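Only one structure is covered here, and it is reproduced in the block below.
The values are calculated or read from the model by the stated rules, or taken from the named source; none is laboratory data. No experiment lies behind these values; they were computed from the predicted model shown. Neighbour counts run over all protein chains shown; Cβ positions are idealised from the backbone, glycine included.
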Amino acid sequence: MSTPYEIPLSPQPQMFGIAIAGTTYTLTVTWNWVNASWIINIADSSGNPILSGIPMVTGANLLEQFGYLNFGFQLIAQTDNAPDVVPTFADLGSTGHLYAIVD
């Protein structure tokens, strides 16, 4: 059975450490003004990049195409009352959410 956990975010660029599925990662979340979307970078606990430039889109596991990295969890973005609408700059953390679903 999979267990979802909301990753706490706010509507501003941010970098923080988080433990997911028994491993600590450093997540960096930034706003891309050109395409009006949030971008996620994942690094190990020492700051060494693992994945960079993942757009926070809805309707899919953001890590699915990187299955060979064996994260042991999915990242899913959605918004309240409209799960297929991407989080905007202003609503990230309030009605726009990012979930880790541990396999």
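Which residues, taken from segment 50-60, are of a type outside the set (Val, Ile, Thr), surrounded by 12 or more Cβ atoms within 10 Å (Cβ to Cβ) and farther than 18 Å from residue 97 by Cα?
51
Between 66, 73, the distinction of being under 13 Å from the mean Cα position of the chain (by Cα) and under 19 Å from residue 103 (Cβ atoms) belongs to 73 only. Within segment 62-75, the set of residues being within 14 Å of residue 29 (Cα to Cα) and in contact (Cβ under 8 Å) with a residue 24 or more places away in the chain comprises 75 only.
Scanning segment 76-103 for residues that are closer than 20 Å to residue 33 by Cβ, surrounded by fewer than 18 Cβ atoms within 10 Å (Cβ to Cβ), among the hydrophobic types (A, V, I, L, M, F, W, C) and in contact (Cβ under 8 Å) with a residue 40 or more places away in the chain yields a total of 2. All conditions but one from (1) modelled with pLDDT under 95; (2) within 16 Å of residue 101 (Cα to Cα) apply to residue 27; the one that does not is (1). The numbered conditions (1) surrounded by 11 or more Cβ atoms within 10 Å (Cβ to Cβ); (2) touching a residue at least 24 places away in the same chain (Cβ under 8 Å) are all true for residue 2 except (1).
The number of residues in segment 5-41 that are surrounded by 14 or more Cβ atoms within 10 Å (Cβ to Cβ), farther than 19 Å from residue 74 by Cα and in contact (Cβ under 8 Å) with a residue 24 or more places away in the chain comes to 3.
So for segment 4-22 (the condition being outside any strand (DSSP E or B), in contact with a His (Cβ under 9 Å, 6 or more places away or on another chain) and modelled with pLDDT of 95 or more), does at least one residue qualify?
Yes, that holds for at least one residue.
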